[in-house]
Structure formats: structure tokens, C-alpha cells
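The values are calculated or read from the model by the stated rules, or taken from the named source; none is laboratory data. Bear in mind that the values here come from a model prediction, so they are computed numbers and not experimental data. Reconstructed Cβ throughout: ideal geometry from the backbone, glycine too, with neighbour counts over all protein chains shown. Each accessible area value is taken on the protein alone, full model and side chains, heavy atoms only, with ligands, DNA and RNA left out. Shrake-Rupley method; radii C 1.70, N 1.55, O 1.52, S 1.80 Å.
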Amino acid sequence: MSDSDLRRLYREHAPSAPEGRFSLETLVEGSGPIELDIGFGRGLSLLERAEASPESRIIGIELKVKLAYKVDQRLRKRGLANVTVMQGDAREILKRAEPSGSVERVALHFPDPWWKQRHGKRRILGQALLTELGRLMRPGGQLFIQTDVQERAEEYVAQLRETSEFMLSSESGYVDENPFGARSNRERRAIEDGLPIWRILATRR
Ligand SMILES: C[S@@+](CC[C@H](N)C(=O)[O-])C[C@H]1O[C@@H](n2cnc3c(N)ncnc32)[C@H](O)[C@@H]1O
């Protein structure tokens with residue numbers, strides 16, 4: 001298949017988000033806790049989380065069409081019923097998501113890898129996303145963010161300190177381990193390479 005045929009295949013078959021306002025509760029069958037994995041990349045965290053917590057209803061959102069397509073195909077082959085994915089900008093999709101207070105856990109594994117100032121607009125984790133997550137998460141719900149960029153980690157901690165919706169789970173804001181027991185591709189790589197990882201856990205007030 002040519003590159004352009006492949007691109008068309010990805011575009012036409014990548015799973016898209018529902019139009020307009022939509023309910024997170026009907027995307028995956030069952031009544032277990034709803035979890036979001038935002039920017040899942042190659043999707044290891046989805047696979048590991050779906051296996052670690054079969055009762056959870058896991059929803060992944062990924063901007064890149066090719067990755068959303070490939071991970072969707074892989075999930076179908078594995079027959080994992082408790083996870084679904086959609087392609088698109090999580091900042092836009094989550095604005096349309098309902099109901100408020102329905103989400104138990106949110107993971108952002110290694111978001112915003114860009115260093116340059118001009119990439120500021122691309123950044124996913126900012127006040128706008130935190131406001132939507134604050135609306136969608138239930139009180140006591142957990143927000144987990146990890147990164148290998150120290151400067152980003154410090155920014156995230158500062159942002160979380162400023163929001164009234166979230167409370168950091170430790171004084172420093174950092175935790176030693178990934179609390180969800182599901183590694184992302186980038187996390188696995190960082191561990192293999194012995195690179196430092198900054199892990200942040202916050203609770204919805
Ligand atoms: C550095 S990668 C990390 C991928 C994966 N979470 C991991 O840890 O291996 C960041 C991912 O976030 C995705 N992303 C960036 N902005 C996004 C947005 N606005 N909505 C959804 N996904 C986004 C990128 O396409 C990319 O796959």
C-alpha cells in the first residue's frame with residue numbers, strides 16, 4: 001500500500017468521537033469506574049490498565065490519526081471489552097463530554113514533550129484542560145501525570161497548586177510510583193534507559 005493509501009486508511013477508519021455533547025457513560029459497557037487516558041500514544045498504558053482493572057471502563061483519546069487507528073485495531077484483536085479509543089484533540093472532545101462528576105481516574109503519561117516556546121499552543125495540559133477535568137471528575141477521583149521533563153513537571157505542580165478543584169497528594173506534589181499499575185510506552189522506555197521520571201498525583205476535591 002502506498003503512503004497516501006495508508007494515510008487514507010487511517011483517516012477513514014480511525015475511531016472518532018461522537019458529535020456534539022455526548023455521554024462518557026455509554027461508550028463502554030458496564031457500570032465500573034470511568035477512566036481517561038489522554039494522549040495514549042502507542043497505547044501500552046491502555047492495554048496494561050485494561051488487564052489490571054477489568055472492572056474499569058477505560059476511554060483513550062489520541063490526537064494522532066495513525067496511532068488511534070493502530071491502537072484501536074490492536075484492542076479489537078485482543079478482544080478487550082472494557083476499553084475504547086477515539087481520535088481527536090482531547091481539549092476539544094472533553095468540553096463536549098458529560099456527565100459532570102462521572103470520571104474516577106485520569107492519566108496523562110508524558111504529555112507535552114516539546115521544549116520550544118513556539119510550541120506553547122500545542123500544549124495539552126493547561127488551565128483549560130484542568131477546568132474540564134475538574135468538571136468531569138468525581139470528588140476523590142485521581143489525576144496522575146508523569147513526565148521525563150523536569151521543567152514541565154514543575155509547571156504542572158504549580159498549575160495544580162493554583163486550581164481550587166485539585167489537591168496534590170503530597171506536599172511536594174510528587175509520588176514515587178505510578179499508582180495505576182499500568183506503564184505507558186514512554187515510561188517503559190525511560191525505566192529501561194534509567195532516566196528520571198517525575199510523577200504527580202492529585203485528587204479532585
Ligand atoms: C510524548 S507522547 C506520550 C505518549 C504516551 N502517553 C506514552 O507515554 O508513551 C504524547 C502524546 O500525546 C498526544 N497528544 C498531544 N496533544 C494531544 C491532544 N490535544 N489531544 C490528544 N492527544 C494529544 C500526542 O499525539 C502523543 O501521542
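Per residue, how much accessible area does segment 3-204 show when a 1.4 Å probe rolls over the protein heavy atoms, in square angstrom?
With all protein chains present, segment 3-204 gives 51 Å² per residue.
If you restrict to DSSP beta bridges whose two residues both lie in the chain, what percentage is antiparallel, to the nearest 5?
Of those bridges, close to 30 percent are antiparallel.
Would you work out which of Ser169, Ala50, Leu6 lies farthest towards the positive end of the dipole of segment 3-204, given +1 charges on the beta-carbon of Lys and Arg and -1 on that of Asp and Glu, about the Cα centre?
Leu6
Using the Cα centre of segment 49-157 as origin and beta-carbon charges of +1 (Lys, Arg) and -1 (Asp, Glu), tell me which of Leu125, Gln73, Ala90 is placed farthest towards the positive end of the dipole.
My answer, from the dipole projection, is Gln73.
Sorted by accessible area (1.4 Å probe), largest first, how do Met1, Met137 line up?
Solvent-accessible surface, decreasing: Met1, Met137.
List the relative contact order of the chain as a percent without decimals, with contacts defined as Cα pairs under 8 Å and 6+ residues apart.
22
In whole Hz and in residue order, list the ³J(HN,Hα) couplings for segment 188-205 that follow from phi through the Karplus curve 6.51 cos²θ - 1.76 cosθ + 1.60, θ = phi - 60°; x for Gly and Pro.
Running phi through 6.51 cos²θ - 1.76 cosθ + 1.60 with θ = phi - 60° gives 4, 5, 4, 5, 4, 7, x, 8, x, 10, 9, 10, 10, 10, 10, 10, 6, 5 Hz.
Could you state the number of Å between the C-alpha centres of segment 174-198 and segment 18-59?
Their Cα centres are 20 Å away from one another.
Tell me, in nm to one decimal, what length is gained between Ser164 and Ala81 on full extension, where the rule is 0.36 nm per residue of separation less the Cα-Cα distance?
Stretched out fully, the Ser164 to Ala81 stretch lengthens by 26.4 nm.
For the chain, give the magnitude of the charge dipole about the Cα centre (Cβ charges: +1 Lys/Arg, -1 Asp/Glu; no others), in debye to the nearest 20.
For the chain, the charge dipole is close to 640 debye.
How many percent of the accessible area of the chain is carbon or sulfur, using a 1.4 Å probe?
C and S fraction of accessible area: 47 percent.
Students sometimes get this wrong: rank Tyr69, Tyr156 by accessible area, probe 1.4 Å, all chains present, largest first.
Tyr69, Tyr156
Can you sort Leu9, Leu108, Leu44 by solvent-accessible area, 1.4 Å probe, largest first?
Leu9, Leu44, Leu108
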